[in-house]
Amino acid sequence: MADWIHAIILGLIEGLTEFIPVSSTGMLLLAKLAMGLPDGFWDTFAVLIQLGAILAVVVIYFRRLWSIAVLVPTVPRARGFVLSLLVAFLPAAVAGLLLHDIIKQVLFESPRLICISLIIGGVVLLLIDRFAPYPTRRDAMAIPLGTSFVIGLFQCLALVPGVSRSGATIVGAMLMGVEKRVAAEFSFLLAIPVMAGAFTVDAWKNRHELNTGHIGLVAVGFVVSFIVALFVIRGMLVIVTRRGYAPFGWLRILIGGVGLALLMTR
């Protein structure tokens, strides 16, 4: 029974944090540590349930994604959008493949680093929310390739647990003049190839950690993360439109500060 509760809790955390700029990876690692879960299966579990969050993006943006797929052969704008996503995806894909083992074996073993990254990232969000350049890009379907590449470079920062993939891409996008809501939407869509790639690599490398007894736990985490992410994506867009990214910046600082305080008492 305890494992089922753990699966539900981790699914909730994944769905809540994957698309808001607070680092789902950092949150999952801290939660795993707090619950005393062993390495191995639970690390792989955390990666596998990301598919639930990916599916939530696909469902919400299905019409747009389907129209793009249909128009790619004939419409330059659709091809340009797909190429833009590919250009933004490649830097992190290459860095992730080259640094995968180092990241997993060194950076993922440092909860203190996660907390510090959360705090620093929170300060960055507060600053970018207040001092970002005036937005000149207001369409997620029309991000220039140069801008996409810079966003992709920023996304590489998220290889450090606690930085946040969505946070890094949003900051990079806003620095390049992308409007804040559009930056969030581009980050959501970019998550599809990025998270699918991360899932494939991790699932293959850790396939020995899985057995038929784990299928039910993964299914529960998958469903929970999917349902929660559906609401979070829509809710985040509302918050960003009305309040900007400052609420998420303060949330990161709060979580990171509490985490550091708890680590110091151990």
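Amide H contacts of Ile49 (H built 1.01 Å from N, in plane; Pro and chain starts excluded): no residue 5 or more places away or on another chain comes under 5 Å. If the segment from Leu145 to Trp66 were pulled out straight at 0.36 nm per residue, it would be longer than the present Cα-Cα gap by 26.3 nm. Please find the FRET efficiency linking Arg77 to Ile215, where r is the Cβ-Cβ separation and R0 is fixed at 35 Å, and quote it to the nearest 0.05. Plugging the Cβ-Cβ distance into 1/(1 + (r/R0)^6) gives 0.25. Phi angles across the range 111-127 convert, under the Karplus curve 6.51 cos²θ - 1.76 cosθ + 1.60 with θ = phi - 60°, into 3J(HN,Hα) values of x, 5, 4, 4, 5, 5, 4, 4, 5, 4, x, x, 4, 4, 4, 4, 5 Hz, Gly and Pro given as x.
Between helix 246-264 and the chain there is an angle of about 20 degrees, using the helix long axis and the longest principal axis of the Cα atoms. Across the range 21-36, computed HN-Hα scalar couplings (Karplus, 6.51 cos²θ - 1.76 cosθ + 1.60, θ = phi - 60°) run x, 10, 6, 5, 4, x, 5, 5, 5, 5, 5, 4, 5, 5, 8, x Hz from first to last residue, x flagging Gly and Pro. Put in line by how crowded their Cβ is, counting other Cβ atoms within 10 Å and starting with the fewest, Tyr61, Tyr134 read Tyr134, Tyr61. Residue separation of Phe131 and Ile227 scaled by 0.36 nm, minus their Cα-Cα distance, works out to 31.1 nm of gained length.
Taking a sphere under 12 Å around the Cβ of Gly162 and counting the other residues whose Cβ falls inside, with K and R at +1 and D and E at -1, yields a net charge of +3. Of the residues Leu217, Leu254, the one with the fewest other Cβ atoms within 10 Å heads the list, and the complete ranking is Leu254, Leu217. When His214, His6, His208 are sorted by how many other C-beta atoms sit within 10 angstrom of their C-beta, beginning with the fewest, the order is His208, His214, His6.
Distance between the modelled labels on Asp3 and Leu99, one decimal in nanometres: 3.4 nm (7 Å Cα→Cβ projection).
State whether the range 61-207 is rounded, prolate or oblate according to the following rule on the C-alpha gyration tensor (a ≥ b ≥ c being the square roots of its eigenvalues): a/c under 1.5 gives rounded; otherwise a/b larger than b/c gives prolate, and the remaining case gives oblate. Here the range 61-207 falls in the oblate category.
For the chain, averaging the sequence separation of C-alpha pairs within contact (under 8 Å, six or more residues apart) and dividing by the residue count gives a relative contact order of 38 percent. For the range 37-57, the residues whose amide N sits under 16 Å from a probe point set 7 Å from the Cα of His208 along the beta carbon direction are 39-44.
A Gaussian network model of the chain, with springs between Cα atoms under 10 Å, assigns the largest mean-square fluctuation among Gly80, Gly152, Gly122 to Gly80. The GNM of the chain, with springs linking C-alpha atoms under 10 angstrom apart, assigns the highest mean-square fluctuation among Arg181, Arg138, Arg63 to Arg63. Between the amide H of Met35 and any residue lying 5 or more places away or on another chain, no distance stays under 5 Å, with hydrogens modeled in the peptide plane. Estimated from helical segments only, the mean residue ellipticity of the chain at 222 nm is -25500 deg cm²/dmol, where each DSSP H run of four or more residues counts as -39500 (n - 2.57).
No lab work stands behind these numbers, since they all come straight from the coordinates. Note that the coordinates shown come from a computational prediction; the quantities given were computed from them, not determined experimentally. Reconstructed Cβ throughout: ideal geometry from the backbone, glycine too, with neighbour counts over all protein chains shown.
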